[in-house]
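Report on one structure; see the data block that follows.
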Amino acid sequence: MSENPLDSLIPDDHAATPDGITEIQRQEALLKTGDLQSAIFNSANFSSIATDAKGVIQIFNVGA
């Protein structure tokens, strides 16, 4: 695959990776995934509390 001479005009954070996904697209996908995880976590019919290795609460849902 030859390089496009216009690629140098695209900022690094907008440049496509070999699989064709830009950093912006990756960030958007990550945000959507996080939103979905939060929705699932908060819609559970039981309480959930997660702690780190030291026992400090890191996240909890509305049931807790």
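What follows draws every value from the coordinates through simple rules; no lab data is involved. Worth saying up front: this structure is predicted, and the values here are computed from it rather than measured.
State the extension gain, in nm to one decimal, for the chain segment bounded by T22 and A64, taking 0.36 nm per residue of separation less the distance between their alpha-carbons. Let's see the in-between values first.
Numbers: separation 42, 0.36 × 42 = 15.12 nm, distance 3.80 nm.
Computed gain between T22 and A64 is 11.3 nm.
Taking amide H atoms as placed 1.01 Å from N in the peptide plane, list the residues 5 or more away in sequence, or in a different chain, whose amide H sits under 5 Å from that of T22.
T17
Taking H placed 1.01 Å from N in the peptide plane, check which residues at least 5 places from N61 or on another chain put their amide H under 5 Å from its amide H.
Residues meeting the amide H criterion: S48.
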